[in-house]
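What follows is one structure encoded as structure tokens, with my remarks underneath.
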Ligand SMILES: Cc1cc2nc3c(=O)[nH]c(=O)nc-3n(C[C@H](O)[C@H](O)[C@H](O)COP(=O)(O)OP(=O)(O)OC[C@H]3O[C@@H](n4cnc5c(N)ncnc54)[C@H](O)[C@@H]3O)c2cc1C
């Protein structure tokens, strides 16, 4: 079963957010050329809050809008149209997924000290799991935490911690129990920054280059040395040995949020492509009149349509509290490829202009390549999905339940 009816209140909030993104966030992107981003973002956040547009999925008692999975998905699909959208409503990654983890698994002390300022937009948090030693298979992490009375002392290294150089708090994963079963060897620690034990070596230069987006999101992806970092025991999130559960909890939402923002970005790219081919003529005819060009637009529209349906179905399952792990992995891979294809097509149809920095397309293209790697690379998700296909067949004599077939 799936219910396609979108409730009136969800439609209304989507409309308010769309208006905010179009009338305030998109014009503010231009202001970044002349005003410091903190000022621009500060004004946007003030305006968002005054309109009750703040932390969409956080319950009202914690200062958020209390939206359920469906309304939140609709809102996120709007926010991704502007790279200031999510930031303006304090629902940007990586902070948002971590807020969710603290909300569900944090102690009262952790909520008061660490979650509250995050929800207020006063502080930012980064997530340090990946190491040069281990990424896709994070159980290879070497960073080690040793108990010392009421504290832990952590030593090791991290890399690609997004936003670490502007974060006030880091969530750091380290090995606490080397003899425990593989997925219970690690714990997650809340670390206050700056901290002499958590040294940022550099922001790693990437194919996305130095961009305004990188600046806005705050300093890129950091390489970190962890040396004799002292963390109180009360800063372990979710209990000792629960690091992987905490990681999965935050990644599950983060994956989908990327996908929701991808829909908005792809929609904007397709709009730009349509506008361009209507205006541009070659060989005596508008590009828009060529069937080959229409097919390119049609392929993008098909992908976007499927992307929306996938997200709505997952939101529906989340609303009902149903297991959505298989769909989450399928969607994560599909949405990363979808946005890549649509932005690539939009660049192609813009010709050299698409390759230039005179439109946002080139910047989007280099930044979204990472989505096939982050939060689990394509191959790891496809591996999981494929195993579930086989499991379903063995159990039910059909693979339907692993391929959306429970809709029937
Ligand atoms: C832009 C960006 C932001 C990031 N932000 C963060 C962050 O904030 N915090 C954080 O902790 N990490 C972050 N990461 C790291 C990210 O989570 C890792 O890059 C990811 O987990 C993959 O790990 P890896 O790069 O070490 O690749 P590896 O583990 O070395 O894997 C390399 C490749 O091998 C293939 N592969 C791996 N396993 C399998 C398999 N079982 N079967 C088939 N093929 C396989 C895949 O193609 C994979 O891409 C970020 C990365 C990027 C690019």
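The Cα center of the stretch 78-133 and the Cα center of the stretch 310-358 differ in position by 22 Å. Just so you know, the Cα atoms of the stretch 186-308 work out to an Rg and Dmax of 23.0, 72 Å.
Judged by the mean number of other Cβ atoms found within 10 Å, the most tightly packed of the peptides 152-161, 330-339, 383-392 leads the ranking 330-339, 152-161, 383-392.
The packing ranking, built from the mean of other Cβ atoms within 10 Å per residue, places the peptides 393-399, 26-32, 270-276, 162-168 in the order 162-168, 270-276, 26-32, 393-399, highest first. Full extension of the chain segment joining residue 23 with residue 179 gains 50.6 nm, where the gain is 0.36 nm per residue of separation less the Cα-Cα distance.
May I ask you to derive the FRET efficiency for residue 148 and residue 295 from their Cβ-Cβ distance with R0 = 51 Å, giving the value to the nearest 0.05? For R0 = 51 Å, the calculated efficiency reads 0.20. Value of Rg to Rh for the stretch 293-335, rounded to two decimals, is 1.13; Kirkwood radius and Rg both from alpha-carbon coordinates. Across all Cα atoms of the stretch 8-91, the radius of gyration (one decimal) and Dmax (whole number) stand at 12.3, 40 Å. Over the residues of the chain, the helix contribution to mean residue ellipticity at 222 nm works out to -15000 deg cm²/dmol, using -39500 (n - 2.57) for each DSSP H run of at least 4.
For the stretch 125-241, the fraction of C-alpha pairs farther apart than 20 angstrom is 39 percent.
Protection proxy ranking for 118-129, 232-243, 197-208, using the average of other Cβ atoms within 10 Å per residue and placing the highest first: 118-129, 232-243, 197-208.
Can you grab the distance from the C-alpha centre of the stretch 163-183 to the C-alpha centre of the stretch 1-73, Å, no decimals? Taking the Cα centre of the stretch 1-73 as reference, the centre of the stretch 163-183 is 31 Å away. Counted residue by residue at 0.36 nm each, then reduced by the alpha carbon distance between them, the extension gain from residue 319 to residue 11 reaches 109.3 nm. In the chain, the longest principal axis of the Cα atoms and the axis of helix 291-319 are about 40 degrees apart. For the stretch 245-407, the direction-averaged projected area of the alpha-carbon convex hull comes to 11.2 nm². Restricted to Cα atoms, the chain shows a radius of gyration and a Dmax of 21.9, 79 angstrom.
With both labels modelled 7 Å from their Cα along Cα-to-Cβ, the residue 396 to residue 31 distance reads 5.1 nm.
Since every read-out is calculated from the coordinates, none of them should be taken as a lab result. Everything quoted here is computed from the prediction, not taken from an experiment. Quick reminder, even Gly has a Cβ in these numbers, built from the backbone with ideal geometry, and neighbours come from all protein chains shown.
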